[in-house]
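The values are calculated or read from the model by the stated rules, or taken from the named source; none is laboratory data. Values in this document were obtained by computation on a predicted structure and should not be read as measured data. We place every Cβ from the backbone using ideal geometry, glycine too, and count neighbours over all the protein chains shown.
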Amino acid sequence: MPELDTLSTMTEALIDLDAIAYNTALLANVCRDAQLMAVVKANGFGHGTLEVARTALANGATWLGVTSQTEALALRRAGIDAPILMWLFGPNEDLSAAVRAGIDISVASVAHLDLVAEIALRSSIRAGIHLKIDTGLSRNGALPADWSALTHAARLLERAGLVRVNGLWSHFANAEDPADDYLHTQQSRFHDAIATAAAAGLSPKVCHLANSAAMLLAPGTHHDLTRAGLSLYGIEPVPGKTFGLRPAMTLRAQVIGIRRVSANTRVSYGSDYATARDTTLALVPLGFADGAPRVASGQAQALVHGVRCRIAGRIAMDQFVLDVGDLPVTPGDVVTLFGDGADGAPTALDWAKWAQTNPHEILTGIGSRVPRRFLPLRDVRQRWPGRLSL
Ligand SMILES: *Cc1c(COP(=O)(O)O)cnc(C)c1O
């Protein structure tokens with residue numbers, strides 16, 4: 001890491017694009033048998049959509065995945081011409097801009113298909129679609145019972161020149177638990193769905209199923225394309241397993257106030273924390289509006305002067321108090337809430353545990369008030385020979 005001792009803003013999320021590049025190359029190498037989609041929804045899991053997208057595409061990813069049309073169009077407006085898949089839209093949403101921009105649209109029902117075909121007809125542009133089958137997540141794919149009808153309807157519209165079925169896809173429910181055999185159930189349903197689509201005359205360019213955990217744990221799920229979210233950002237997706245990913249985000253803040261207090265001083269709202277002895281309290285201007293979950297109060301820690309200290313009392317909307325004991329902390333000193341863990345600071349996984357959530361929610365919860373600062377890309381090839389085989 002470069003010079004990190006000072007901060008020019010009260011808070012910052014430092015984004016190490018080199019880590020994104022490294023993780024992309026590592027995943028592309030793991031998935032050599034398939035293409036890699038960088039999932040950059042939700043502001044690139046909080047890291048910055050465009051910066052992550054560009055870095056991933058330069059280091060082995062060939063597809064981008066987002067949820068909404070707005071996100072997809074922002075990528076195109078920035079000049080990114082890689083294949084993009086978007087998968088959520090409203091029942092009456094005007095998708096014509098996405099179709100014109102050559103963005104592939106996920107289609108999970110005949111109603112979706114009709115919506116997209118009508119736009120294609122009006123715009124005189126063939127719409128690229130990926131048919132989605134629900135293999136067990138019970139969220140938004142077509143039910144297996146409706147799949148045959150959907151694939152036949154899509155094939156008809158394909159023959160009519162209105163759509164092109166570029167992909168078939170599904171999503172895992174619990175791939176991060178190697179003990180859960182449900183992955184194999186979903187996998188076999190996906191195989192059936194592919195066979196049904198072939199029987200309907202479809203010949204998609206890509207079939208895709210695997211998310212981060214599946215691509216690392218179950219190579220049999222790779223098909224033609226894998227979709228990396230969490231792992232791209234360097235968070236290990238399988239509890240208890242390490243694949244060598246590098247966390248890309250470091251969340252930091254400056255100390256903006258210091259006070260020396262006596263034992264039994266009550267701290268923050270609700271007064272549910274009292275100092276155990278004479279101590280120093282450091283005020284940190286980052287709160288739950290910035291992504292430090294209030295529910296982590298009482299357990300969460302942050303690093304200052306190389307020492308992990310407890311957050312004293314409740315995390316407030318805009319600030320919290322750190323009990324730093326006798327450390328000679330002064331205003332301007334840097335507090336690390338989470339990072340890659342190498343310096344002893346907590347990680348996003350620690351925060352997820354303290355907040356009883358998953359690391360996805362921690363990363364995407366970092367508020368818009370926190371400036372993102374991007375550490376420039378170095379040459380990953382020097383340290384990741386796998387990149388060369390891409
Ligand atoms: C968010 C998302 C992903 C990424 O999942 P990870 O487990 O974070 O890799 C992949 N596919 C779909 C459909 C998603 O919504």
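Only residues that are touching a residue at least 40 places away in the same chain (Cβ under 8 Å), more than 19 Å from Glu236 (Cβ to Cβ) and part of a loop (DSSP other than H, G, I, E, B) were counted in the stretch 164-175, giving 1. Being away from the ligand (no atom under 16 Å from the Cβ), more than 20 Å from Thr250 (Cα to Cα) and either more than 27 Å from the chain's Cα centre (by Cα) or among the polar types (S, T, N, Q) (or both) is true for just one of Ala282, Ala276, Ala316. Which residue is that? Testing whether each residue is away from the ligand (no atom under 16 Å from the Cβ), more than 20 Å from Thr250 (Cα to Cα) and either more than 27 Å from the chain's Cα centre (by Cα) or among the polar types (S, T, N, Q) (or both) leaves just Ala276.
Put simply, of Pro178, Pro237 the only residue that is in contact (Cβ under 8 Å) with a residue 60 or more places away in the chain, at negative phi and more than 13 Å from the ligand (Cβ to nearest atom) is Pro178.
For the stretch 191-232, what are the residues that are away from the ligand (no atom under 15 Å from the Cβ) and touching a Cys at 6+ places or on another chain (Cβ under 7 Å)? Once the filter is applied, which keeps residues that are away from the ligand (no atom under 15 Å from the Cβ) and touching a Cys at 6+ places or on another chain (Cβ under 7 Å), the stretch 191-232 yields only Ile194.
In the condition set (1) within 16 Å of the ligand (Cβ to nearest atom); (2) in contact (Cβ under 8 Å) with a residue 40 or more places away in the chain; (3) not in a loop (DSSP other than H, G, I, E, B), Leu251 is compliant with all but (1).
Could you please let me know if Asp224 is free of Cβ contacts under 8 Å to residues at least 12 places away in the same chain and of a type in the set (Asp, Glu)? So Asp224 does not fit the description; no. Sort out which residues of the stretch 76-92 are in contact with a helix residue (DSSP H, G or I) (Cβ under 8 Å, 6 or more places away or on another chain), modelled with pLDDT of 95 or more and more than 16 Å from the ligand (Cβ to nearest atom), and write them in order of number. If the condition is that a residue be in contact with a helix residue (DSSP H, G or I) (Cβ under 8 Å, 6 or more places away or on another chain), modelled with pLDDT of 95 or more and more than 16 Å from the ligand (Cβ to nearest atom), then Ala78, Ile80, Ala82 are the ones that fit.
Of all residues in the stretch 41-69, count the ones that are within 16 Å of the ligand (Cβ to nearest atom) and either closer than 29 Å to Asp114 by Cβ or assigned to a loop (DSSP other than H, G, I, E, B) (or both). Residues flagged as within 16 Å of the ligand (Cβ to nearest atom) and either closer than 29 Å to Asp114 by Cβ or assigned to a loop (DSSP other than H, G, I, E, B) (or both) within the stretch 41-69 amount to 14. Based on this model, can you work out whether Leu27 counts as in a helix (DSSP H, G or I) and touching a residue at least 40 places away in the same chain (Cβ under 8 Å)? Taking the combined requirement at face value, the residue satisfies it. Within the stretch 116-137, the residues that satisfy the criterion of being in contact (Cβ under 8 Å) with a residue 12 or more places away in the chain and either surrounded by fewer than 21 Cβ atoms within 10 Å (Cβ to Cβ) or part of a loop (DSSP other than H, G, I, E, B) (or both) are Leu121, Arg122, Ser123, Ile125, Arg126, Asp134, Thr135, Gly136, Leu137. When Ala25 is tested against (1) within 13 Å of Ala228 (Cβ to Cβ); (2) in contact with a strand residue (DSSP E or B) (Cβ under 6 Å, 6 or more places away or on another chain); (3) more than 16 Å from the ligand (Cβ to nearest atom); (4) not β-branched (Val, Ile, Thr), exactly one condition is not met: (2). Here Ala38 does not fit the description of being in a helix (DSSP H, G or I) and within 22 Å of Met215 (Cα to Cα). Restricting attention to the stretch 316-342, which residues are buried (at least 20 other Cβ atoms within 10 Å of the Cβ), polar (S, T, N, Q) and part of a loop (DSSP other than H, G, I, E, B)? Gln319, the sole residue that qualifies.
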